[in-house]
1. For the subset of region 1-43 comprising residues that are surrounded by 14 or more Cβ atoms within 10 Å (Cβ to Cβ) and assigned to a loop (DSSP other than H, G, I, E, B), which member is modelled with the highest pLDDT?
2. Can you tell me which of P79, P59 is of a type outside the set (A, V, I, L, M, F, W, C), within 21 Å of L28 (Cβ to Cβ) and at pLDDT 95 or above?
3. Any idea which residue in region 87-112 is farthest from L22 (Cα to Cα), counting only those that are touching a residue at least 40 places away in the same chain (Cβ under 8 Å) and open to solvent by less than 50 Å² (accessible area, probe 1.4 Å)?
4. Name the residues in region 63-86 that are polar (S, T, N, Q) and open to solvent by 30 Å² or more (accessible area, probe 1.4 Å), would you?
Amino acid sequence: MTRLSTGVSARPAPDEFQQLTLPVYGPLTVLGALIAAVAWRVLVDRSRNASRVLRVLAPVVLLVSLIPDFLLLASKSQPGTTTGGVVALILMHFGVAVVAVPAFRKLMPPRS
């Protein structure tokens with residue numbers, strides 16, 4: 001584990017917390033983004049007021065996507081689970097949303 005000069009860990013979780021490794025979160029992130037893009041496209045094509053629907057649906061889906069993280073925190077079912085590690089996972093959900101939603105809006109603009 002990397003330590004800063006202050007003695008504070010630079011990583012939010014121990015090395016055995018595999019959920020913060022690229023082989024674990026990478027495929028799940030790609031799969032989630034692809035599913036979101038397809039759902040966005042279907043909604044844009046089929047809804048008369050896609051903009052309003054997406055304004056409500058995107059945050060709801062983001063919140064629902066956090067359920068496994070909170071379950072992981074509550075159960076500590078994975079080795080090395082820490083609050084910091086789970087918070088890092090939660091922040092990753094928000095990071096993906098901050099990139100994906102504007103990209104989807106630009107590439108697949110919703111009708112108002």
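1. F17
2. Step by step, each of P79, P59 is checked, and only P59 is of a type outside the set (A, V, I, L, M, F, W, C), within 21 Å of L28 (Cβ to Cβ) and at pLDDT 95 or above.
3. P110
4. Pass one, region 63-86, residues polar (S, T, N, Q): 65, 75, 77-78, 81-83.
Those that are polar (S, T, N, Q) and open to solvent by 30 Å² or more (accessible area, probe 1.4 Å): S65, S75, S77, Q78, T82, T83.
The values are calculated or read from the model by the stated rules, or taken from the named source; none is laboratory data. For clarity, every value in this text was computed on a predicted model and none was experimentally measured. FYI the Cβ positions are ideal-geometry reconstructions off the backbone, even for glycines, and counts take in every protein chain you see. The protein model used for the area step is the full one, side chains on, heavy atoms only, and it has no ligands, DNA or RNA in it. Shrake-Rupley method; radii C 1.70, N 1.55, O 1.52, S 1.80 Å.
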